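Shown next, in structure tokens, is the structure this report addresses.
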Amino acid sequence: MSIRAKIFLVFAVSMVAGFSLLAYWVTGELRYRYSESSEEVMVDSSRLLAEQLAGEWRQPPEQRFATLRGAMARLAQQSFTAPIYSVVKTSADIRVYVTDAAGLLLFDSRPGTKPGDDYSRWHDVAQTLRGAYGARTTDETLAGADGQPVTIAVAYVAAPIIVDGDLVGVVSLGKPKTNMQRFIGYARQKFIIGALLASAAAIVVALLLYIWVSRPMQALVEYAHEVSRGASVPLPAMGDNEIGRVGRAIESMREALIDKEYVESYVQALTHEVKSPLTAIRASAELLAGDLPAERRAGFVTTIEREVDRLNKLADRLLELASLERADRLSHVEPVSLRALVGEVVASSAAVAEARGVQLVQQYAERDTVSGDPLLLRQAIDNLLRNALDFAPRGSGIHISAEAIDRGVLLTVQDEGPGIPEFARARIFDRFYSLPRPASGRKSTGLGLNFVREVAQLHGGRIEIDCPAAGGTRARLFVPWRAPPPH
């Protein structure tokens, strides 16, 4: 598993665990918070009942609770509809009982009780008689909505009945927690759903963040892999952030390593290629120092001039190739007609072809305009045609064609020469590698095809060279319709 995936997994698990713990804690707290809110209302209600009863306490005992008894009886008969958020209340379910100062029952709204029952041991009554706050919650068996007995928690809050400064009794207000549990259940459900949605949203945000961070990291990894394979690829755009700075640091390191390798490679190759002409020049110069006939002296002078010209060409080609190999994209792009470019190259090579008895045959597609650097493309085509002329036998032909295919133009230069030996086919694009020309036996600088390959790659194309079964050598240069954008 990648580090990015581990980070995302840890973040997602942490978010889910955090929201789960929060939901567990809050839903546990809901019961207490709802109980506190309900109890606070019951305190006020019990105090109100106590004041009402204190005003009627001086009446005869048989009339003292007539008003309360009548009100409770009428309330029990009432049916109403009170939509309280998600709960619809249709009947009253409170209980009221009153004791004297000894805790003996004087009145109870619940059927089945009788005056004189001892309630003094009940916590709400006992605490209130001591002058403290009296409340209790007791599980009681009551009739459910279907008439079947159910066990329900009932909360009681008591208040003292004070007459002329004396505690004469206790009134206690009881309220089943059935609806409270329904409120709590609904709130718990809503909160859990909210927590799940928040967790899902957090995971989605984490996923988007993961994608936002991982994409440039993945692009950087792919870039590093391409660089390790020796490909010349541009650094992908990563923005001005930490990943972008890492990418630019890798690019700088790559350029430094390429520069070092580039110099070492060129010094080794150049030393090898320069050694042969320098040896010939030195030998000729040493012989010229002696007493030689005029004819031999002229021959050695010609050798020196030829080898110096070879060194000049080698230096020119090296400079051209170096400028291409250091570039990662074109510096100039414009519409280019390959027919026009080939026409220019053929016109400049016509005299050489005529002197060697080689016929140049041209064939073009209707659509031959691509985007690219006309100077580089012209030089690449010139290199291909010069190679073909060097190996084409007298009386043969060189066929040049441009064919429009799906993504660009395929330019073909095919001669009728001896072809490429099997041992040399894998090295034809190597720098400084060259085969002897059939007519002179001499080699070229060995940089022409390497130059063509660099031009093709800068244009987003390719160069392929093979030997058809019919004979000769065929070079195919593919140039796409649109070259990569310049700097």
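Taken as a whole, the structure leaves residue 166 outside the set of residues that are within 23 Å of residue 56 (Cα to Cα) and surrounded by 19 or more Cβ atoms within 10 Å (Cβ to Cβ). Does at least one position in region 396-413 carry a residue that is open to solvent by 30 Å² or more (accessible area, probe 1.4 Å) and under 30 Å from residue 307 (Cβ atoms)? Checking region 396-413: not a single residue is open to solvent by 30 Å² or more (accessible area, probe 1.4 Å) and under 30 Å from residue 307 (Cβ atoms). What residue, of 128, 67, 113, is in contact with an Asp or Glu (Cβ under 8 Å, 6 or more places away or on another chain) and not in a strand (DSSP E or B)? From the options 128, 67, 113, the qualifying one is 67.
Every residue, every condition in (1) modelled with pLDDT of 85 or more; (2) in contact with a strand residue (DSSP E or B) (Cβ under 7 Å, 6 or more places away or on another chain), yes or no:
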| residue | (1), (2) |
| --- | --- |
| 321 | no, no |
| 348 | no, no |
| 365 | no, yes |
| 396 | yes, no |
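Being at pLDDT 90 or above and open to solvent by less than 10 Å² (accessible area, probe 1.4 Å) is a property that holds for residue 134. Once region 295-319 is narrowed to residues that are modelled with pLDDT of 75 or more and open to solvent by 80 Å² or more (accessible area, probe 1.4 Å), the residue that is farthest from residue 444 (Cα to Cα) is 295.
Remark: residue 38 matches the filter, which requires a residue to be touching a helix residue (DSSP H, G or I) at 6+ places or on another chain (Cβ under 7 Å), under 17 Å from residue 135 (Cα atoms), modelled with pLDDT of 80 or more and in a helix (DSSP H, G or I).
Within region 70-97, which residues are aliphatic (A, V, I, L, M) and part of a helix (DSSP H, G or I)? Passing the criteria: 71, 72, 73, 75, 76.
On the phi > 0 side of the Ramachandran plot, among the hydroxyl-bearing types (Ser, Thr, Tyr) and either surrounded by 10 or more Cβ atoms within 10 Å (Cβ to Cβ) or in contact (Cβ under 8 Å) with a residue 12 or more places away in the chain (or both): does that describe residue 119? Here the answer is no, as residue 119 does not meet what is asked. Counting only strands (runs of 3 or more DSSP E) wholly contained in region 380-481, the ones carrying 1 or more residues that are free of Cβ contacts under 8 Å to residues at least 24 places away in the same chain occupy 462-466.
Only residues that are at pLDDT below 80, open to solvent by 20 Å² or more (accessible area, probe 1.4 Å) and more than 22 Å from residue 357 (Cα to Cα) were counted in region 433-451, giving 2. With respect to residue 153, is the statement that it is part of a loop (DSSP other than H, G, I, E, B) and under 60 Å from the mean Cα position of the chain (by Cα) true? No; evaluated as a whole, the condition is false for this residue.
Looking at region 346-359, can you tell me whether even one residue there is touching a residue at least 60 places away in the same chain (Cβ under 8 Å) and either outside any loop (DSSP other than H, G, I, E, B) or open to solvent by less than 40 Å² (accessible area, probe 1.4 Å) (or both)? No, because not a single residue in region 346-359 is touching a residue at least 60 places away in the same chain (Cβ under 8 Å) and either outside any loop (DSSP other than H, G, I, E, B) or open to solvent by less than 40 Å² (accessible area, probe 1.4 Å) (or both).
If the condition is being free of Cβ contacts under 8 Å to residues at least 60 places away in the same chain, open to solvent by less than 70 Å² (accessible area, probe 1.4 Å) and either among the β-branched types (Val, Ile, Thr) or under 20 Å from residue 127 (Cβ atoms) (or both), then region 85-106 contributes 102, 104, 105.
Of all residue pairs spaced 6 or more apart or on separate chains, those with beta-carbon atoms under 9 Å, a first member in region 194-214 that is touching a residue at least 12 places away in the same chain (Cβ under 8 Å) and a second member that is surrounded by fewer than 13 Cβ atoms within 10 Å (Cβ to Cβ) and of a type outside the set (A, V, I, L, M) are 214/2. Quick one: which of 82, 66 is out of contact with any helix residue (DSSP H, G or I) (no Cβ under 9 Å at 6 or more places or on another chain) and without any contact (Cβ under 8 Å) to a residue 24 or more places away in the chain? Sole residue among the options that is out of contact with any helix residue (DSSP H, G or I) (no Cβ under 9 Å at 6 or more places or on another chain) and without any contact (Cβ under 8 Å) to a residue 24 or more places away in the chain: 82.
Within region 284-306, the set of residues being assigned to a helix (DSSP H, G or I) and of a type outside the set (A, V, I, L, M, F, W, C) comprises 284, 286, 295, 296, 297, 299, 302, 303, 305, 306.
The values are calculated or read from the model by the stated rules, or taken from the named source; none is laboratory data. Note that the structure is predicted; figures quoted are calculated from it, not measured. Methodologically, a virtual Cβ is constructed for each residue, glycine included, from the backbone with ideal geometry; neighbour enumeration extends over all protein chains shown. Please note that ligands, DNA and RNA were not included when accessible areas were found on the heavy atoms of the full protein model with its side chains. Shrake-Rupley method; radii C 1.70, N 1.55, O 1.52, S 1.80 Å.
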